[in-house]
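*Asks:* Here it is, the structure, as structure tokens.
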Amino acid sequence: MTATIMTTKNPKASGKTRGSLSSSCRKNFITLSDMTRRELEGYFDLALRLKRERKAGRIHRHLAGKNLAMIFQKPSTRTRVSFEMAMRQLGGHGMYLSGNDLQLGRGETIPDTARVLSRYVDAVMARVFAHSDVEALAEHATVPVINGLSDWSHPCQGLADYLTILEHKGKLKGLTLAYVGDGNNVAHSLLFAGAKLGVNVVCVVPQGYEPDAKVVAIASDDGRKTGARIEVTHDLVGVLGADVIYTDVWASMGREGEHAQRVRVFKPYQVNAALMAMTGKSGALFMHCLPAHRGEEVTDEVADSPNSIIFDQAENRLHAQKAVLVKLMAD
Ligand code: CP
Ligand code: NVA
């Protein structure tokens, strides 16, 4: 399958018409809600090919001479290392920029930062607090911008996650993913992409910690077109019939101050052996975007069980992001 090139978000900057196939067309990777099923499948196809070829010893040079600026306003292990390795393995270079070290930390505006970086590098990846910051970067940069996590979404994670499920199950459409815990950025990206791909997504969350109603509405709309069931429940019984149980930390980056109170609220939603058994499926997979707070949202027993595919997920960040980088940056 071939992905259609993403439409430009800033026609003024690119001077190109929407959907132009020109490599100079502005293309961003900001939220999975922007993408079509075919685009997502195009990323999967390319990621799987690059992964297979790399494992067979092939050297890739798709991004020879290209440079990616990587802005981090929050910590990271997987995103930082996988993007840097992806650039290197494609013949290019990734440059780590800590939000605190940039002039951004001293009040330089996002639009000015976007305009300046666009004069030096071929694309920008950013991990930010406010989603509007990565949108502003995309609006004012004249090079592609990739969302490496915002408080609202984590599209690189969602892409790698569905790629991982596809590898393990051989299909996506008709499967059921139960997301258990905090209705956060990761849950949002799983909802967006699941709905497009025909995956039923059930969010099993405590009262007051539901995913954004707007996200649920968009996913439900898409789900009606693909046959995906989108559901939010407070009842643990919602995991019944799930092919995949997915969880994330109870207090995301920036919410550390709420940790103690959240532990009390989320305790019944811990993914343990009993909750896995509630799926009624012995082959149900366990997923987590990592980092995990073992003993909180997931027990060691589940995280280290044969059904856990958490490290395959982490590895696939590398392969999925290579597909994104090639589609956005290659000539
Ligand atoms: N899953 C993920 O994005 O991990 P990092 O915070 O380590 O990048
Ligand atoms: N929801 C988590 C994801 C970390 C990869 C956070 O935002 O901290």
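The values are calculated or read from the model by the stated rules, or taken from the named source; none is laboratory data. These numbers were taken from a predicted model, which means no experiment stands behind them. No Cβ is skipped: glycine too gets one built from the backbone with ideal geometry, and neighbour counts run over all protein chains shown. With ligands, DNA and RNA removed, areas are computed over all heavy atoms of the protein, side chains included. Shrake-Rupley method; radii C 1.70, N 1.55, O 1.52, S 1.80 Å.
*Asks:* Please state which one of Asp101, Asp112, Asp34 is without any contact (Cβ under 8 Å) to a residue 40 or more places away in the chain and within 29 Å of Ala195 (Cβ to Cβ). Talk me through it step by step, then tell me what you get.
*Replies:* Working: Asp101 fails: within 29 Å of Ala195 (Cβ to Cβ); Asp112 fails: within 29 Å of Ala195 (Cβ to Cβ).
Of the residues listed, the single one that is without any contact (Cβ under 8 Å) to a residue 40 or more places away in the chain and within 29 Å of Ala195 (Cβ to Cβ) is Asp34.
*Asks:* For segment 127-221, list the strands (runs of 3 or more DSSP E) that sit wholly inside it and hold at least 2 residues that are open to solvent by less than 20 Å² (accessible area, probe 1.4 Å) and within 16 Å of ligand 1 (Cβ to nearest atom); which are they?
*Replies:* 145-147
*Asks:* I would also like to ask the following. Among the residues of segment 72-93, what is the count of those that are within 14 Å of ligand 1 (Cβ to nearest atom) and either over 25 Å from His288 (Cβ atoms) or open to solvent by 40 Å² or more (accessible area, probe 1.4 Å) (or both)?
*Replies:* Total meeting the criteria: 8.
Per-residue answers, yes or no, for (1) part of a loop (DSSP other than H, G, I, E, B); (2) modelled with pLDDT of 95 or more; (3) in contact with a strand residue (DSSP E or B) (Cβ under 7 Å, 6 or more places away or on another chain):
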position: Thr2; (1), (2), (3): yes, no, no
position: Arg18; (1), (2), (3): yes, no, no
position: Glu41; (1), (2), (3): no, yes, no
position: Leu46; (1), (2), (3): no, yes, no
position: His62; (1), (2), (3): yes, yes, no
position: Ile71; (1), (2), (3): no, yes, yes
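*Asks:* Also, quick follow-up: So if I check each of Arg264, Arg294, Arg224, which one is over 21 Å from the mean Cα position of the chain (by Cα) and within 16 Å of ligand 1 (Cβ to nearest atom)?
*Replies:* From the options Arg264, Arg294, Arg224, the qualifying one is Arg294.
*Asks:* From the set of residues in segment 252-269 that are touching a helix residue (DSSP H, G or I) at 6+ places or on another chain (Cβ under 8 Å) and touching a residue at least 40 places away in the same chain (Cβ under 8 Å), which is nearest to Gln313 (Cα to Cα)? I'd like the intermediate steps shown before the answer.
*Replies:* First pass over segment 252-269, keeping only residues touching a helix residue (DSSP H, G or I) at 6+ places or on another chain (Cβ under 8 Å): 252, 255, 268-269.
Right, trim to touching a residue at least 40 places away in the same chain (Cβ under 8 Å) and you get 252, 268-269.
Details: Ser252: 19, Pro268: 25, Tyr269: 22 Å.
Per the criteria, the residue is Ser252.
*Asks:* Let me ask something additional. What number goes with the only condition from (1) farther than 16 Å from Val143 by Cβ; (2) of a type in the set (Asp, Glu); (3) open to solvent by 50 Å² or more (accessible area, probe 1.4 Å) that Asp112 does not pass?
*Replies:* (1)
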